[in-house]
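The values are calculated or read from the model by the stated rules, or taken from the named source; none is laboratory data. On a predicted model such as this, the values are computed, not experimentally measured, just so you know. Cβ atoms come from the backbone with ideal geometry, glycine included; neighbour counts cover every protein chain shown. In case anyone asks, the SASA skips ligands and DNA or RNA and just uses the protein heavy atoms, side chains included. Shrake-Rupley method; radii C 1.70, N 1.55, O 1.52, S 1.80 Å.
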Amino acid sequence: MKKLCESLRSWPGFFFCFLILGSFTGQAQTSLPGQLDKVQALLKGGDLARAKEEICGVLQSSPDSLQASLLLAKILLIEDELDQVSEQLKKALDRNPNNPSVLTAYGLYLLREGDFANAEVQLRKSLRLNPKQAEAHLAMGRLHLSRLQSDQSLASFDKAIRLAPEMEDSYFYLSEAYGVSRKYAQQTKSLEKYLSLNPKFYPERVKNAEALLTFFRSFENEEVGKIKDLKRNYEISYLPFFGLMIVEGYINDSGPYRFLVDTGATSTVISNELIVQLKIPIITSAVIKCVGGTGKTATHLCKAAKLRVGPLEISNLPVSSFDNKIFEGLIDGVLGTSDLADFLITLDYPSQRILLEPRDSEKVSKARPVTPPDVTEVNFRMFGNLILLPLSINGRVTRNFLLDTGAVMSALSKRQASFLGVREDTPNAKVDVEFAGACGIAHSVLGVDKVHLRLGKIKKDYAKILAINLGEISKEMGSEVSGILGGDFYSTRVVKIDYHKGTIRIE
(Lines give C-alpha, C1' and ligand atoms only; values in the text may rest on other atoms or scores of the structure.)
Protein backbone atom coordinates (compact mmCIF):
# COMPACT_ATOMS: atom_id res chain seq x y z
CA MET A 1 0.00 0.00 0.00
CA LYS A 2 2.79 2.41 0.93
CA LYS A 3 4.61 1.79 -2.34
CA LEU A 4 1.46 2.45 -4.34
CA CYS A 5 0.79 5.73 -2.57
CA GLU A 6 4.38 6.89 -2.96
CA SER A 7 3.99 6.78 -6.74
CA LEU A 8 1.02 8.99 -7.48
CA ARG A 9 1.85 9.00 -11.16
CA SER A 10 1.05 5.29 -11.22
CA TRP A 11 -2.63 5.97 -11.61
CA PRO A 12 -4.10 2.44 -11.22
CA GLY A 13 -2.22 2.17 -7.93
CA PHE A 14 -3.51 5.54 -6.83
CA PHE A 15 -7.08 4.50 -7.56
CA PHE A 16 -6.55 1.52 -5.32
CA CYS A 17 -5.31 3.74 -2.48
CA PHE A 18 -8.32 5.95 -2.85
CA LEU A 19 -11.03 3.35 -3.29
CA ILE A 20 -10.13 0.38 -1.11
CA LEU A 21 -12.14 0.13 2.10
CA GLY A 22 -10.47 -1.04 5.27
CA SER A 23 -10.91 -1.10 8.99
CA PHE A 24 -9.55 1.68 11.19
CA THR A 25 -7.88 1.48 14.52
CA GLY A 26 -8.97 3.89 17.17
CA GLN A 27 -5.57 5.58 16.94
CA ALA A 28 -5.92 6.21 13.19
CA GLN A 29 -9.37 7.69 13.71
CA THR A 30 -8.26 10.05 16.44
CA SER A 31 -5.17 11.17 14.52
CA LEU A 32 -6.98 11.89 11.26
CA PRO A 33 -8.07 15.48 12.09
CA GLY A 34 -4.53 16.30 13.21
CA GLN A 35 -3.05 14.84 10.03
CA LEU A 36 -5.46 16.84 7.87
CA ASP A 37 -4.66 20.00 9.83
CA LYS A 38 -0.97 19.39 9.14
CA VAL A 39 -1.66 19.09 5.41
CA GLN A 40 -3.67 22.31 5.47
CA ALA A 41 -0.82 24.06 7.28
CA LEU A 42 1.69 22.82 4.70
CA LEU A 43 -0.52 24.08 1.89
CA LYS A 44 -0.91 27.43 3.60
CA GLY A 45 2.87 27.64 3.85
CA GLY A 46 3.29 26.76 0.18
CA ASP A 47 5.03 23.40 0.72
CA LEU A 48 3.18 21.47 -1.96
CA ALA A 49 5.58 18.51 -2.09
CA ARG A 50 5.33 17.75 1.65
CA ALA A 51 1.59 18.33 1.63
CA LYS A 52 1.26 15.75 -1.14
CA GLU A 53 3.44 13.29 0.75
CA GLU A 54 1.43 13.76 3.95
CA ILE A 55 -1.96 13.40 2.29
CA CYS A 56 -0.82 10.15 0.67
CA GLY A 57 0.06 8.93 4.14
CA VAL A 58 -3.42 9.86 5.32
CA LEU A 59 -4.97 7.89 2.47
CA GLN A 60 -2.86 4.86 3.39
CA SER A 61 -4.35 4.74 6.87
CA SER A 62 -7.76 6.24 6.02
CA PRO A 63 -8.44 5.36 2.39
CA ASP A 64 -12.11 6.39 2.48
CA SER A 65 -11.52 9.82 4.02
CA LEU A 66 -13.45 12.17 1.78
CA GLN A 67 -11.69 15.25 3.13
CA ALA A 68 -8.30 13.71 2.42
CA SER A 69 -9.34 12.80 -1.11
CA LEU A 70 -10.54 16.34 -1.77
CA LEU A 71 -7.29 17.78 -0.42
CA LEU A 72 -5.36 15.53 -2.79
CA ALA A 73 -7.61 16.64 -5.65
CA LYS A 74 -6.79 20.25 -4.77
CA ILE A 75 -3.07 19.51 -4.87
CA LEU A 76 -3.38 17.71 -8.20
CA LEU A 77 -5.25 20.67 -9.67
CA ILE A 78 -2.51 23.04 -8.52
CA GLU A 79 0.01 20.74 -10.20
CA ASP A 80 -2.23 20.68 -13.28
CA GLU A 81 -2.37 16.88 -13.24
CA LEU A 82 -5.77 16.80 -14.92
CA ASP A 83 -5.73 13.18 -16.02
CA GLN A 84 -5.03 12.02 -12.46
CA VAL A 85 -7.64 14.15 -10.73
CA SER A 86 -10.46 13.37 -13.16
CA GLU A 87 -11.34 9.82 -12.20
CA GLN A 88 -10.79 10.45 -8.51
CA LEU A 89 -13.43 13.17 -8.48
CA LYS A 90 -15.83 11.13 -10.55
CA LYS A 91 -15.59 8.27 -8.04
CA ALA A 92 -16.03 10.69 -5.16
CA LEU A 93 -19.11 12.09 -6.89
CA ASP A 94 -20.54 8.59 -7.34
CA ARG A 95 -20.20 7.94 -3.61
CA ASN A 96 -21.23 11.44 -2.49
CA PRO A 97 -23.54 12.88 -5.19
CA ASN A 98 -24.99 15.57 -2.92
CA ASN A 99 -21.88 16.60 -1.03
CA PRO A 100 -21.31 20.30 -1.76
CA SER A 101 -17.53 20.07 -1.30
CA VAL A 102 -17.33 17.26 -3.87
CA LEU A 103 -19.56 19.18 -6.28
CA THR A 104 -17.39 22.29 -5.93
CA ALA A 105 -14.18 20.32 -6.50
CA TYR A 106 -15.70 18.68 -9.57
CA GLY A 107 -16.88 22.05 -10.87
CA LEU A 108 -13.36 23.47 -10.49
CA TYR A 109 -11.97 20.53 -12.44
CA LEU A 110 -14.56 20.94 -15.21
CA LEU A 111 -13.74 24.65 -15.45
CA ARG A 112 -10.06 23.80 -15.93
CA GLU A 113 -11.03 21.23 -18.59
CA GLY A 114 -13.13 23.84 -20.42
CA ASP A 115 -16.45 22.05 -19.87
CA PHE A 116 -18.13 25.31 -18.90
CA ALA A 117 -21.79 24.22 -19.05
CA ASN A 118 -21.27 21.22 -16.78
CA ALA A 119 -19.00 23.21 -14.47
CA GLU A 120 -21.79 25.71 -13.94
CA VAL A 121 -24.33 22.95 -13.29
CA GLN A 122 -22.14 21.41 -10.58
CA LEU A 123 -21.30 24.75 -8.96
CA ARG A 124 -24.88 26.00 -8.87
CA LYS A 125 -26.03 22.72 -7.34
CA SER A 126 -23.25 22.96 -4.77
CA LEU A 127 -24.17 26.53 -3.82
CA ARG A 128 -27.82 25.58 -3.42
CA LEU A 129 -26.73 22.97 -0.89
CA ASN A 130 -24.24 25.25 0.84
CA PRO A 131 -24.09 28.91 -0.24
CA LYS A 132 -21.14 29.64 2.06
CA GLN A 133 -18.41 28.15 -0.13
CA ALA A 134 -15.85 30.74 -1.15
CA GLU A 135 -14.22 28.51 -3.82
CA ALA A 136 -17.57 27.90 -5.51
CA HIS A 137 -18.31 31.63 -5.68
CA LEU A 138 -14.79 32.24 -7.04
CA ALA A 139 -15.33 29.66 -9.78
CA MET A 140 -18.73 31.13 -10.65
CA GLY A 141 -17.08 34.55 -10.89
CA ARG A 142 -14.59 33.14 -13.38
CA LEU A 143 -17.41 31.64 -15.44
CA HIS A 144 -19.23 34.98 -15.48
CA LEU A 145 -15.99 36.74 -16.43
CA SER A 146 -15.42 34.36 -19.34
CA ARG A 147 -18.83 35.42 -20.68
CA LEU A 148 -17.87 39.10 -20.23
CA GLN A 149 -20.52 39.51 -17.53
CA SER A 150 -18.46 41.90 -15.44
CA ASP A 151 -21.16 42.90 -12.94
CA GLN A 152 -22.05 39.28 -12.13
CA SER A 153 -18.38 38.33 -11.87
CA LEU A 154 -17.66 41.21 -9.49
CA ALA A 155 -20.60 40.15 -7.31
CA SER A 156 -19.35 36.54 -7.16
CA PHE A 157 -15.79 37.59 -6.33
CA ASP A 158 -17.11 39.89 -3.61
CA LYS A 159 -18.99 36.94 -2.04
CA ALA A 160 -15.86 34.80 -2.19
CA ILE A 161 -13.80 37.50 -0.48
CA ARG A 162 -16.37 38.07 2.26
CA LEU A 163 -16.48 34.33 2.99
CA ALA A 164 -12.68 33.80 2.83
CA PRO A 165 -10.79 37.12 2.91
CA GLU A 166 -7.40 35.35 2.89
CA MET A 167 -8.06 33.33 -0.29
CA GLU A 168 -5.53 35.00 -2.57
CA ASP A 169 -6.88 33.89 -5.96
CA SER A 170 -10.08 35.90 -5.43
CA TYR A 171 -8.14 39.15 -5.58
CA PHE A 172 -6.22 38.07 -8.68
CA TYR A 173 -9.36 37.32 -10.67
CA LEU A 174 -11.10 40.35 -9.18
CA SER A 175 -8.35 42.47 -10.73
CA GLU A 176 -9.15 40.92 -14.13
CA ALA A 177 -12.84 41.73 -13.69
CA TYR A 178 -12.02 45.35 -12.88
CA GLY A 179 -9.80 45.44 -15.97
CA VAL A 180 -12.70 44.30 -18.17
CA SER A 181 -14.84 47.02 -16.58
CA ARG A 182 -11.99 49.53 -17.10
CA LYS A 183 -11.94 50.34 -13.41
CA TYR A 184 -8.17 50.63 -13.34
CA ALA A 185 -7.84 52.12 -9.84
CA GLN A 186 -9.73 49.17 -8.36
CA GLN A 187 -7.71 46.80 -10.54
CA THR A 188 -4.51 48.17 -9.03
CA LYS A 189 -5.85 47.82 -5.47
CA SER A 190 -6.88 44.22 -6.12
CA LEU A 191 -3.40 43.34 -7.37
CA GLU A 192 -1.89 45.03 -4.32
CA LYS A 193 -4.08 42.92 -2.05
CA TYR A 194 -3.27 39.75 -3.99
CA LEU A 195 0.46 40.31 -3.61
CA SER A 196 0.15 41.32 0.05
CA LEU A 197 -1.06 37.77 0.81
CA ASN A 198 2.25 36.32 -0.47
CA PRO A 199 0.76 33.89 -3.04
CA LYS A 200 2.46 30.50 -2.91
CA PHE A 201 1.82 28.23 -5.86
CA TYR A 202 2.09 30.15 -9.14
CA PRO A 203 5.47 31.92 -9.17
CA GLU A 204 5.19 33.19 -12.76
CA ARG A 205 1.73 34.59 -12.06
CA VAL A 206 3.10 36.38 -9.01
CA LYS A 207 6.00 37.89 -10.95
CA ASN A 208 3.65 39.01 -13.70
CA ALA A 209 1.26 40.49 -11.14
CA GLU A 210 4.16 42.49 -9.70
CA ALA A 211 5.05 43.69 -13.20
CA LEU A 212 1.44 44.58 -14.00
CA LEU A 213 1.14 46.52 -10.78
CA THR A 214 4.18 48.60 -11.70
CA PHE A 215 2.77 48.98 -15.20
CA PHE A 216 -0.70 50.10 -14.09
CA ARG A 217 0.72 52.60 -11.64
CA SER A 218 2.47 54.31 -14.55
CA PHE A 219 -0.98 55.02 -16.05
CA GLU A 220 -2.40 56.73 -12.97
CA ASN A 221 -4.59 59.73 -13.79
CA GLU A 222 -4.36 58.95 -17.52
CA GLU A 223 -6.98 57.53 -19.85
CA VAL A 224 -5.68 54.20 -21.10
CA GLY A 225 -5.93 53.30 -24.79
CA LYS A 226 -7.97 56.36 -25.69
CA ILE A 227 -9.49 56.25 -29.17
CA LYS A 228 -9.64 59.69 -30.73
CA ASP A 229 -13.18 59.35 -32.11
CA LEU A 230 -15.41 56.50 -30.97
CA LYS A 231 -18.50 57.72 -32.80
CA ARG A 232 -17.36 57.33 -36.39
CA ASN A 233 -16.93 54.36 -38.71
CA TYR A 234 -13.48 53.26 -39.79
CA GLU A 235 -12.35 51.34 -42.84
CA ILE A 236 -8.80 50.01 -42.86
CA SER A 237 -7.30 48.26 -45.86
CA TYR A 238 -4.94 45.36 -45.29
CA LEU A 239 -2.34 43.44 -47.24
CA PRO A 240 -3.13 39.71 -47.53
CA PHE A 241 -0.40 37.20 -46.75
CA PHE A 242 -1.34 33.50 -46.86
CA GLY A 243 -4.64 34.14 -45.10
CA LEU A 244 -3.19 36.72 -42.69
CA MET A 245 -4.08 40.41 -42.41
CA ILE A 246 -1.20 42.90 -42.38
CA VAL A 247 -1.88 46.61 -41.92
CA GLU A 248 0.43 49.62 -41.99
CA GLY A 249 0.60 51.83 -38.94
CA TYR A 250 2.52 54.64 -37.30
CA ILE A 251 3.90 54.71 -33.76
CA ASN A 252 4.49 58.13 -32.23
CA ASP A 253 4.25 59.57 -35.77
CA SER A 254 7.05 57.33 -37.06
CA GLY A 255 6.54 54.72 -39.72
CA PRO A 256 4.91 53.16 -41.57
CA TYR A 257 5.38 49.83 -39.82
CA ARG A 258 3.68 46.54 -40.58
CA PHE A 259 1.29 45.03 -38.04
CA LEU A 260 -0.30 41.59 -38.05
CA VAL A 261 -3.98 41.84 -37.06
CA ASP A 262 -4.29 39.19 -34.39
CA THR A 263 -7.17 37.92 -32.25
CA GLY A 264 -4.64 35.59 -30.63
CA ALA A 265 -2.71 38.43 -28.96
CA THR A 266 -3.64 39.65 -25.49
CA SER A 267 -2.46 43.16 -26.39
CA THR A 268 -0.75 45.16 -29.12
CA VAL A 269 2.88 44.11 -29.51
CA ILE A 270 5.91 45.73 -31.12
CA SER A 271 9.36 44.30 -31.76
CA ASN A 272 12.23 44.84 -29.36
CA GLU A 273 14.18 46.45 -32.20
CA LEU A 274 11.41 49.00 -32.74
CA ILE A 275 11.31 49.85 -29.03
CA VAL A 276 15.04 50.64 -29.16
CA GLN A 277 14.74 52.51 -32.46
CA LEU A 278 11.86 54.71 -31.26
CA LYS A 279 13.38 55.13 -27.77
CA ILE A 280 10.19 53.98 -26.06
CA PRO A 281 10.82 53.73 -22.29
CA ILE A 282 10.52 50.23 -20.81
CA ILE A 283 8.33 50.37 -17.72
CA THR A 284 8.81 46.78 -16.53
CA SER A 285 9.21 43.20 -17.79
CA ALA A 286 7.11 40.05 -17.57
CA VAL A 287 6.68 36.55 -19.00
CA ILE A 288 4.03 35.75 -21.59
CA LYS A 289 2.66 32.38 -22.71
CA CYS A 290 2.44 31.77 -26.45
CA VAL A 291 2.95 29.24 -29.23
CA GLY A 292 6.35 27.83 -30.11
CA GLY A 293 9.60 27.22 -28.26
CA THR A 294 9.06 26.43 -24.59
CA GLY A 295 5.60 28.03 -24.67
CA LYS A 296 6.71 31.15 -22.82
CA THR A 297 9.05 34.07 -23.35
CA ALA A 298 10.15 37.33 -21.75
CA THR A 299 8.50 40.59 -22.76
CA HIS A 300 8.88 44.28 -21.96
CA LEU A 301 5.82 46.34 -21.01
CA CYS A 302 5.78 49.83 -22.47
CA LYS A 303 3.47 52.70 -23.33
CA ALA A 304 3.02 54.06 -26.85
CA ALA A 305 2.02 57.73 -26.82
CA LYS A 306 0.17 57.24 -30.11
CA LEU A 307 -0.67 54.48 -32.56
CA ARG A 308 -2.29 55.31 -35.89
CA VAL A 309 -3.61 52.69 -38.33
CA GLY A 310 -5.38 54.23 -41.32
CA PRO A 311 -7.72 56.90 -39.92
CA LEU A 312 -7.86 55.20 -36.48
CA GLU A 313 -5.81 56.86 -33.75
CA ILE A 314 -5.22 55.49 -30.25
CA SER A 315 -3.25 57.34 -27.58
CA ASN A 316 -1.63 56.21 -24.35
CA LEU A 317 -1.72 52.58 -25.49
CA PRO A 318 -0.21 49.75 -23.40
CA VAL A 319 2.07 47.62 -25.56
CA SER A 320 4.38 44.68 -24.97
CA SER A 321 7.46 43.57 -26.89
CA PHE A 322 8.53 40.42 -28.69
CA ASP A 323 11.65 38.99 -30.26
CA ASN A 324 11.11 39.49 -33.99
CA LYS A 325 13.84 37.21 -35.36
CA ILE A 326 11.38 34.67 -36.76
CA PHE A 327 9.09 37.24 -38.41
CA GLU A 328 11.76 39.78 -39.39
CA GLY A 329 11.06 41.17 -42.83
CA LEU A 330 7.36 40.38 -42.54
CA ILE A 331 6.03 42.38 -39.59
CA ASP A 332 7.20 44.94 -37.03
CA GLY A 333 4.42 44.28 -34.55
CA VAL A 334 1.01 42.84 -33.80
CA LEU A 335 -2.27 44.76 -33.53
CA GLY A 336 -4.34 43.01 -30.89
CA THR A 337 -8.02 43.14 -31.80
CA SER A 338 -8.93 43.41 -28.11
CA ASP A 339 -7.64 47.00 -28.28
CA LEU A 340 -10.47 47.64 -30.76
CA ALA A 341 -13.13 46.07 -28.55
CA ASP A 342 -15.12 49.31 -28.24
CA PHE A 343 -16.20 48.75 -31.85
CA LEU A 344 -18.10 46.08 -33.70
CA ILE A 345 -15.22 44.55 -35.66
CA THR A 346 -15.62 43.14 -39.17
CA LEU A 347 -12.70 41.28 -40.73
CA ASP A 348 -13.72 41.24 -44.38
CA TYR A 349 -11.28 38.82 -45.97
CA PRO A 350 -12.77 38.82 -49.50
CA SER A 351 -12.71 42.65 -49.71
CA GLN A 352 -9.34 42.93 -47.93
CA ARG A 353 -10.59 45.45 -45.40
CA ILE A 354 -11.33 45.85 -41.71
CA LEU A 355 -14.49 47.71 -40.67
CA LEU A 356 -15.01 49.25 -37.25
CA GLU A 357 -18.52 50.38 -36.34
CA PRO A 358 -19.57 52.35 -33.26
CA ARG A 359 -21.55 50.26 -30.85
CA ASP A 360 -24.45 52.74 -31.05
CA SER A 361 -25.01 51.59 -34.62
CA GLU A 362 -26.49 48.30 -33.40
CA LYS A 363 -29.38 50.14 -31.74
CA VAL A 364 -31.05 50.96 -35.04
CA SER A 365 -33.24 47.87 -34.77
CA LYS A 366 -34.21 46.10 -31.57
CA ALA A 367 -35.50 43.07 -33.44
CA ARG A 368 -33.03 40.19 -33.53
CA PRO A 369 -32.20 39.50 -37.20
CA VAL A 370 -32.74 36.03 -38.56
CA THR A 371 -29.44 34.26 -39.19
CA PRO A 372 -29.21 33.17 -42.86
CA PRO A 373 -28.77 29.43 -43.40
CA ASP A 374 -25.18 29.79 -44.62
CA VAL A 375 -24.06 31.98 -41.71
CA THR A 376 -22.65 30.79 -38.39
CA GLU A 377 -23.04 32.80 -35.20
CA VAL A 378 -21.71 31.42 -31.91
CA ASN A 379 -21.01 32.68 -28.42
CA PHE A 380 -17.43 32.67 -27.24
CA ARG A 381 -15.65 32.63 -23.91
CA MET A 382 -12.79 35.01 -23.19
CA PHE A 383 -9.84 34.46 -20.89
CA GLY A 384 -7.21 37.17 -20.61
CA ASN A 385 -8.36 38.88 -23.83
CA LEU A 386 -8.15 35.60 -25.76
CA ILE A 387 -11.21 34.16 -27.51
CA LEU A 388 -12.17 30.51 -27.09
CA LEU A 389 -14.65 29.01 -29.56
CA PRO A 390 -16.52 25.69 -29.17
CA LEU A 391 -15.63 23.36 -32.04
CA SER A 392 -16.75 19.79 -32.50
CA ILE A 393 -14.06 17.29 -33.44
CA ASN A 394 -15.01 14.39 -35.71
CA GLY A 395 -18.66 15.07 -34.90
CA ARG A 396 -18.37 13.59 -31.42
CA VAL A 397 -16.85 15.96 -28.88
CA THR A 398 -16.84 19.73 -28.46
CA ARG A 399 -13.59 21.37 -27.41
CA ASN A 400 -12.38 24.94 -27.04
CA PHE A 401 -10.15 26.39 -29.76
CA LEU A 402 -8.26 29.67 -29.60
CA LEU A 403 -9.43 31.99 -32.38
CA ASP A 404 -6.13 33.13 -33.86
CA THR A 405 -6.19 35.32 -36.96
CA GLY A 406 -2.41 35.48 -36.61
CA ALA A 407 -2.09 31.77 -37.42
CA VAL A 408 -1.96 30.56 -41.02
CA MET A 409 -3.03 27.01 -40.12
CA SER A 410 -5.30 25.44 -37.56
CA ALA A 411 -3.79 22.94 -35.15
CA LEU A 412 -4.67 20.60 -32.29
CA SER A 413 -3.06 20.49 -28.88
CA LYS A 414 -0.93 17.44 -28.23
CA ARG A 415 -3.23 16.55 -25.34
CA GLN A 416 -6.23 16.57 -27.68
CA ALA A 417 -4.25 14.52 -30.20
CA SER A 418 -3.66 11.93 -27.46
CA PHE A 419 -7.43 11.63 -26.99
CA LEU A 420 -7.57 10.79 -30.71
CA GLY A 421 -4.94 8.09 -30.26
CA VAL A 422 -1.86 10.00 -31.45
CA ARG A 423 1.04 10.45 -29.02
CA GLU A 424 4.78 11.07 -29.13
CA ASP A 425 5.45 7.32 -29.32
CA THR A 426 2.81 6.60 -31.98
CA PRO A 427 4.53 5.17 -35.08
CA ASN A 428 4.93 7.74 -37.88
CA ALA A 429 3.17 10.43 -35.80
CA LYS A 430 6.07 12.88 -35.83
CA VAL A 431 6.19 15.09 -38.90
CA ASP A 432 9.14 16.96 -40.35
CA VAL A 433 7.55 20.37 -39.92
CA GLU A 434 8.46 23.32 -37.70
CA PHE A 435 5.65 25.42 -36.24
CA ALA A 436 6.62 29.08 -35.75
CA GLY A 437 5.03 31.23 -33.06
CA ALA A 438 5.74 34.25 -30.92
CA CYS A 439 7.63 32.07 -28.41
CA GLY A 440 9.89 30.57 -31.07
CA ILE A 441 9.93 27.40 -33.14
CA ALA A 442 8.09 24.24 -32.11
CA HIS A 443 10.36 21.46 -33.39
CA SER A 444 8.31 18.57 -32.01
CA VAL A 445 5.14 18.44 -34.10
CA LEU A 446 2.73 15.54 -34.53
CA GLY A 447 0.38 14.80 -37.42
CA VAL A 448 -3.16 13.53 -36.88
CA ASP A 449 -4.94 11.96 -39.86
CA LYS A 450 -8.55 12.47 -40.92
CA VAL A 451 -9.84 15.12 -38.56
CA HIS A 452 -13.09 17.01 -39.12
CA LEU A 453 -13.66 20.34 -37.38
CA ARG A 454 -17.04 22.02 -37.19
CA LEU A 455 -17.99 25.45 -35.87
CA GLY A 456 -21.73 25.92 -36.11
CA LYS A 457 -22.57 25.38 -39.79
CA ILE A 458 -18.98 25.57 -41.00
CA LYS A 459 -17.09 22.32 -41.42
CA LYS A 460 -13.58 21.61 -42.64
CA ASP A 461 -12.01 18.23 -43.31
CA TYR A 462 -8.29 17.76 -42.73
CA ALA A 463 -6.49 14.84 -44.32
CA LYS A 464 -3.79 15.63 -41.74
CA ILE A 465 -3.75 18.32 -39.07
CA LEU A 466 -0.75 19.30 -36.95
CA ALA A 467 -0.63 18.92 -33.17
CA ILE A 468 1.57 21.14 -30.98
CA ASN A 469 2.10 21.70 -27.27
CA LEU A 470 -0.46 24.15 -25.86
CA GLY A 471 0.02 23.20 -22.22
CA GLU A 472 1.54 26.51 -21.11
CA ILE A 473 -1.26 28.55 -22.68
CA SER A 474 -3.87 26.29 -21.08
CA LYS A 475 -2.33 26.65 -17.62
CA GLU A 476 -2.04 30.41 -18.00
CA MET A 477 -5.70 30.75 -19.02
CA GLY A 478 -6.85 28.29 -16.36
CA SER A 479 -8.91 26.46 -18.97
CA GLU A 480 -8.02 23.87 -21.58
CA VAL A 481 -7.08 25.05 -25.09
CA SER A 482 -7.61 22.03 -27.33
CA GLY A 483 -6.52 23.69 -30.53
CA ILE A 484 -5.90 26.80 -32.59
CA LEU A 485 -8.41 27.96 -35.18
CA GLY A 486 -6.29 29.57 -37.87
CA GLY A 487 -6.90 31.40 -41.11
CA ASP A 488 -7.30 28.24 -43.19
CA PHE A 489 -10.74 27.84 -41.56
CA TYR A 490 -12.24 31.29 -42.29
CA SER A 491 -9.92 33.43 -44.46
CA THR A 492 -12.30 33.31 -47.44
CA ARG A 493 -15.19 34.66 -45.35
CA VAL A 494 -16.34 37.70 -43.39
CA VAL A 495 -15.74 37.43 -39.64
CA LYS A 496 -17.60 39.75 -37.25
CA ILE A 497 -16.51 40.05 -33.62
CA ASP A 498 -18.60 41.61 -30.86
CA TYR A 499 -16.52 41.72 -27.69
CA HIS A 500 -19.37 43.19 -25.65
CA LYS A 501 -21.92 40.49 -26.50
CA GLY A 502 -19.28 37.78 -26.73
CA THR A 503 -20.31 36.61 -30.20
CA ILE A 504 -18.56 35.63 -33.44
CA ARG A 505 -20.43 35.70 -36.74
CA ILE A 506 -18.89 34.12 -39.85
CA GLU A 507 -20.53 34.77 -43.22
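Pairs needed: first member in the stretch 227-238, polar (S, T, N, Q); second member anywhere, open to solvent by 60 Å² or more (accessible area, probe 1.4 Å) and part of a strand (DSSP E or B); C-beta distance under 9 Å; at least 6 residues apart or different chains. Hits for this filter: Asn233/Glu357; Ser237/Glu248; Ser237/Arg353.
Given the condition of a type outside the set (Asp, Glu) and modelled with pLDDT of 95 or more, answer yes or no: does some residue in the stretch 370-378 qualify? Yes, that holds for at least one residue.
Residue-wise test of (1) more than 27 Å from the chain's Cα centre (by Cα); (2) surrounded by 17 or more Cβ atoms within 10 Å (Cβ to Cβ); (3) at pLDDT below 95.
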| position | (1), (2), (3) |
| --- | --- |
| Lys228 | yes, no, yes |
| Lys231 | yes, no, yes |
| Glu235 | yes, no, no |
| Leu239 | yes, no, no |
| Ile251 | yes, yes, no |
| Ala286 | no, yes, yes |
| Cys290 | no, yes, yes |
| Thr297 | no, yes, yes |
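Counting the residues of the stretch 106-119 that are within 17 Å of the chain's Cα centre (by Cα) and closer than 20 Å to Phe401 by Cβ gives 9.
Residue count for the stretch 290-310 under the criterion of being over 17 Å from Ala265 (Cβ atoms), assigned to a strand (DSSP E or B) and of a type in the set (Gly, Ala, Ser): the result is 1. The criterion of at least 2 residues that are open to solvent by 70 Å² or more (accessible area, probe 1.4 Å), closer than 25 Å to Glu135 by Cβ and modelled with pLDDT of 50 or more is met, among helices (runs of 4 or more DSSP H) falling completely within the stretch 1-81, by 26-44, 48-61, 66-78. Pro256 satisfies every condition listed in (1) open to solvent by 20 Å² or more (accessible area, probe 1.4 Å); (2) closer than 25 Å to Ser315 by Cα; (3) touching a residue at least 12 places away in the same chain (Cβ under 8 Å); (4) touching a strand residue (DSSP E or B) at 6+ places or on another chain (Cβ under 7 Å) except (3).
Scanning the stretch 256-284 for residues that are in a strand (DSSP E or B), over 22 Å from the mean Cα position of the chain (by Cα) and among the polar types (S, T, N, Q) turns up Ser271, Thr284. Cβ separations smaller than 6 Å between residues 6+ apart or across chains give the following pairs from the stretch 47-72 residues that are hydrophobic (A, V, I, L, M, F, W, C) to residues that are open to solvent by 40 Å² or more (accessible area, probe 1.4 Å): Val58/Gln35; Leu70/Ser101. Candidates in the stretch 196-214 are the residues that are assigned to a helix (DSSP H, G or I) and more than 21 Å from the chain's Cα centre (by Cα); of these, the one that is surrounded by the fewest Cβ atoms within 10 Å (Cβ to Cβ) is Ser196.
Can you spot a residue in the stretch 308-323 that is surrounded by fewer than 17 Cβ atoms within 10 Å (Cβ to Cβ) and of a type in the set (A, V, I, L, M)? Within the stretch 308-323 (the criterion being surrounded by fewer than 17 Cβ atoms within 10 Å (Cβ to Cβ) and of a type in the set (A, V, I, L, M)), the answer is no, since none of the residues qualifies.
Residues that are under 14 Å from Lys501 (Cα atoms) and either among the polar types (S, T, N, Q) or surrounded by fewer than 21 Cβ atoms within 10 Å (Cβ to Cβ) (or both) within the stretch 332-343 comprise Ser338, Ala341, Asp342, listed in sequence order. Residues being over 20 Å from Ala436 (Cα atoms) and modelled with pLDDT of 95 or more: count how many of those fall in the stretch 463-478. Final tally of qualifying residues: 1.
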